[in-house]
Amino acid sequence: MTVRYYTKVLTNEGVMRESRYEETMLRRVGHVWVERVLPPASKLADKHQDKPSNQAAANSASAKKVALKVHDHEAFNPVMIPRHVMFENGKTRLEYVDSSTRQVIAVPASEYDNVNFDGSWVNAYFLVDPKQVATLPLAKRKSDVAGAVWRERDNGEVFQRVLWDEKRQIPLIVESGDKAGRFFNRFEVNVASSLRRELPWQQLKGYGQKEYADFLD
């Protein structure tokens, strides 16, 4: 499936800031795999960053060690490489997979905040908590999707709307914002028509194992 995110914020200075990005998501029992959709320009820029900026310094042994250390820091960007969330024996585990270096980077729970992960398996798998969705009143708005219903809460100042697919147990649209137009958040899920059979977490044979701490000073 594909998830498209959109955010709009009006600052106190009167500046409207908007952001859009897209991710692919694959989920199975006990596994969620998420990848950011990157434009070709982003990948090209990332390659340029790997080149040494000072050729003379790069020729010295000490500079090479520093360059390798810096490269390690730059190489691990949790936005740029796939995120793999697992749920085993009642516990959530998180790792990132870097195909360019053939490494799996394990992230401990104590570092989840640093990679913008809330630690919730429910949120990772369903995107929003189904129990919280169930507390939203059914909306009068009719759904164009078979098996999906709109739920909405509006207190006159802020609102939250969810188009929930009962069969697939996933939100198709989630919107929230305020009536004054100061902020608006939306994400939309497009579910693939066919089931993907090749699972990326089963294709990691030969990958090295690293810890998140390996990238810290």
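Just checking, does the stretch 104-126 include any residue being at pLDDT below 85, among the polar types (S, T, N, Q), more than 18 Å from K210 (Cα to Cα) and not in a strand (DSSP E or B)? No, the stretch 104-126 contains no residue that is at pLDDT below 85, among the polar types (S, T, N, Q), more than 18 Å from K210 (Cα to Cα) and not in a strand (DSSP E or B). Comparison of V133, V149, V174, V191 shows that the only residue that is surrounded by 14 or more Cβ atoms within 10 Å (Cβ to Cβ), touching a Leu at 6+ places or on another chain (Cβ under 9 Å), over 20 Å from T7 (Cα atoms) and β-branched (V, I, T) is V149. Of the residues L68, L44, L38, the single one that is outside any strand (DSSP E or B) and either modelled with pLDDT of 55 or more or within 19 Å of S120 (Cβ to Cβ) (or both) is L38.
Matching residues to (1) in a strand (DSSP E or B); (2) modelled with pLDDT under 95; (3) in contact with a Lys or Arg (Cβ under 8 Å, 6 or more places away or on another chain):
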| position | (1), (2), (3) |
| --- | --- |
| G156 | no, yes, yes |
| V162 | yes, no, yes |
| K167 | no, yes, no |
| S176 | yes, no, yes |
| E188 | yes, no, yes |
| S194 | no, yes, no |
| E198 | no, yes, no |
| K210 | yes, yes, no |
| D214 | no, yes, no |
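Remark: pairs (first residue in the stretch 82-102, at positive phi; second residue of a type outside the set (D, E) and outside any strand (DSSP E or B); Cβ separation under 9 Å; 6+ apart in sequence or on different chains) = R102/L204; R102/G206; R102/Y207. Going by the conditions given, is D144 more than 30 Å from Q209 (Cβ to Cβ), part of a loop (DSSP other than H, G, I, E, B) and of a type in the set (D, E)? The answer is yes for D144. Within the stretch 182-199, at least one residue is farther than 24 Å from Y21 by Cβ, of a type in the set (G, A, S) and more than 20 Å from the chain's Cα centre (by Cα). Would you mind stating whether N185 is closer than 20 Å to N123 by Cβ and among the polar types (S, T, N, Q)? It is true that N185 is closer than 20 Å to N123 by Cβ and among the polar types (S, T, N, Q).
Across the stretch 135-155, the number of residues qualifying as closer than 16 Å to L172 by Cβ and out of contact with any strand residue (DSSP E or B) (no Cβ under 7 Å at 6 or more places or on another chain) comes to 3. Do any residues in the stretch 117-139 that are in contact (Cβ under 8 Å) with a residue 12 or more places away in the chain have Cβ atoms under 8 Å from those of residues that are exposed (fewer than 15 other Cβ atoms within 10 Å of the Cβ) and in a helix (DSSP H, G or I), where the two are at least six apart or on different chains, and which pairs are they? Close Cβ pairs satisfying both conditions: G119/A109.
Here S143 meets each of (1) at pLDDT 95 or above; (2) surrounded by 15 or more Cβ atoms within 10 Å (Cβ to Cβ); (3) not hydrophobic (A, V, I, L, M, F, W, C) with one exception, condition (1).
The values are calculated or read from the model by the stated rules, or taken from the named source; none is laboratory data. From a predicted model like this one, the values you see are computed outputs, not experimental measurements. Neighbour counts run over all protein chains shown; Cβ positions are idealised from the backbone, glycine included.
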